[in-house]
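Below is one structure; the comments refer to it alone.
Each value in this text was obtained by applying a stated rule to the coordinates, not by laboratory testing. Given the structure is predicted, the values throughout are model-derived calculations rather than measurements. Virtual Cβ from ideal backbone geometry, glycine too; neighbours counted across all protein chains shown.
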Amino acid sequence: MNRITLPNGRQLSQIAYGAWRLSEAGDTGVSANLARIDACLEHGITTFDHADIYGDYRCEQLFGDAVRARPALRQQIEIVTKTDIMLLSQQWPGTRVKHYDTSAAHVRASVERSLQRLGVEVIDLLLIHRPDPLCDPTELGACLDALIDSGKLRGVGVSNYMPWDVDLLQSRMTHRLQTNQIELSLMHTAPLTNGQMAHAQQHRMPPMAWSPLGGGRLFSQAQQAGSAAARLAPRLAELAQGCGQDASAVALAWLLHHPAQVLPVLGSNQPERIRAMAAATRVPMDRQTWFELYELANGHAVP
Ligand SMILES: NC(=O)c1ccc[n+]([C@@H]2O[C@H](COP(=O)([O-])OP(=O)(O)OC[C@H]3O[C@@H](n4cnc5c(N)ncnc54)[C@H](OP(=O)(O)O)[C@@H]3O)[C@@H](O)[C@H]2O)c1
């Protein structure tokens, strides 16, 4: 598995495991979660992507229970988590409306809660989950700088930001932003032309790609006539057969081929599918095959 170096010199595994669906995984006991973590580690996936809200605020705790059961894990993994979304949840009875909160008080308290739930002393990367229309960038930037200086965070980044949102926050910070985690896949190609990928390359911030299989729609919609998934399915299957890998690995290889050093965050809870996708680095991909898949994804040739 390739390792990607962030602007601060720290490294992540190029493919990360996302914990969003962890609480839906059937067996979410410590042993089952350790088995999922082991399936990742076995294939070099050492980076684990969380958010405070995942699983109605329960996934960090489930993962932390596994780390507490095997403390040596901490030295083998990198932990990414996120803050700012406030869900309507029984955990937050005072919340009347779903909203974002990038106030320094909320971000600081959220980091403390994440550290506690995850059972760690430092978070490798904290991301601001969504751009907050009420964000005071001076307040947020100073808060994030201070959290890094205090040793509670090793780095910070953003998620779902447009280039101008990244530039604004960066302009009020001393430390560099490390990544923008965006939706990017054969089912969502907009970042290739909306400025998000260009901006990531301009600032040498390797982007993280969430829902790299379109949340599973790349396969679940393959029978829907006229859909991107239906157009892509036969060619993905052919390419997969040609290299002896799974179609999901070909879809990930399409992301890995981009020169921005994309880090796909995969969401499967099944160890066998994690294994199949970790093989994406062994799928050959050339320029014309990349464009062939891009054309099928978009439903038309490039101009
Ligand atoms: N920053 C953000 O705003 C944001 C937003 C969304 C997600 N994320 C991150 O991105 C991670 C990944 O997102 P995701 O879960 O949507 O990723 P994904 O890998 O695109 O989708 C995973 C889903 O696809 C299913 N799947 C995988 N292979 C399949 C196949 N061959 N046939 C049918 N279904 C298949 C999985 O089911 P099985 O478990 O049964 O394999 C799972 O439900 C999340 O965990 C989270 O960390 C971030």
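The Cβ shell under 13 Å around ARG235 holds other residues with a net charge of -2, Lys and Arg each +1, Asp and Glu each -1. Computed on the chain, with alpha-carbon pairs under 8 angstrom and 6+ residues apart, the relative contact order is 17 percent.
At full extension, THR193 and ASP136 could sit 17.7 nm farther apart than now, given 0.36 nm per residue minus the alpha carbon distance.
Once Rg and the Kirkwood radius are both taken over the C-alpha atoms of the stretch 99-185, their ratio Rg/Rh works out to 0.94. Taking Lys and Arg as +1 and Asp and Glu as -1, the other residues whose beta-carbon sits under 13 Å from that of GLN223 total +2.
When Rg and the Kirkwood Rh are both derived from Cα coordinates, the Rg/Rh ratio for the stretch 1-133 amounts to 0.97. Would you please calculate the Kirkwood hydrodynamic radius of the stretch 168-303 over all C-alpha pairs and express it in Å, rounded to one decimal? Across the stretch 168-303, the inverse of the average 1/r is 15.5 Å. The calculated FRET efficiency for the pair VAL30 and PHE291, based on their C-beta separation and a Förster distance of 51 Å, comes to about 0.65. With a simple spin-label model that places each label point 7 Å from the Cα along the Cα-to-Cβ direction, the separation between THR281 and ASN298 comes to 3.0 nm. Rounded to the nearest 20, the size of the Cβ-charge dipole of the stretch 1-152 about its Cα centre is 220 debye, with Lys and Arg at +1 and Asp and Glu at -1. Against the longest principal axis of the chain, how steep is helix 30-42, in degrees 0 to 90 to the nearest 10, with axes from Cα atoms? For helix 30-42, the angle is close to 60 degrees.
A Gaussian network model of the chain, with springs between Cα atoms under 10 Å, assigns the largest mean-square fluctuation among ALA109, ALA225, ALA209 to ALA225. Over all other residues within a Cβ to Cβ distance under 12 Å of PRO259, the charged ones net out to +2, with Lys and Arg as +1 and Asp and Glu as -1.
Hydrodynamic radius of the stretch 98-138 by the Kirkwood approach over all distinct alpha-carbon pairs: 11.3 Å. Here, P(r) means the percent of Cα pairs in each 20 Å bin from 0 to the largest distance; for the chain it is 34, 58, 8. Along the charge dipole of the stretch 118-272, pointing to its positive end and built from +1/-1 on Cβ of Lys, Arg, Asp and Glu, which listed residue (ALA233, SER211, CYS135) has its Cα farthest out? My answer, from the dipole projection, is ALA233. Derived value for the stretch 219-293: Kirkwood hydrodynamic radius 12.8 Å. Basis is the mean of 1/r over every pair of different alpha-carbon atoms.
Modelled spin labels at GLN75 and SER220, positioned 7 Å past Cα toward Cβ, are 4.1 nm from each other. Summing Cβ point charges (Lys, Arg +1; Asp, Glu -1) relative to the Cα centre of the chain gives a dipole of roughly 240 debye.
Dipole magnitude of the stretch 160-303 about its Cα centre, charges +1 at Lys/Arg Cβ and -1 at Asp/Glu Cβ only, in debye to the nearest 20? About 220 debye. Among GLN76, GLN170, GLN61, the residue with the largest mean-square fluctuation in a Gaussian network model of the chain, with springs joining Cα atoms closer than 10 Å, is GLN76. Estimated at 0.36 nm per residue, the fully extended path between GLU272 and ARG68 surpasses their Cα-Cα distance by 70.9 nm.
Remark on ALA51: its backbone amide H falls under 5 Å from those of LYS82, a criterion applied only to residues 5 or more positions apart or on other chains, H modelled at 1.01 Å from N.
Among ASP27, ASP132, ASP84, the largest mean-square fluctuation in a Gaussian network model of the chain, built with springs joining Cα atoms closer than 10 Å, belongs to ASP27. Inter-part distance, the stretch 26-56 to the stretch 253-303, computed on C-alpha centroids, equals 22 Å. Taking Cα atoms only, the orientation of helix 247-256 departs from the longest principal axis of the chain by about 60 degrees.
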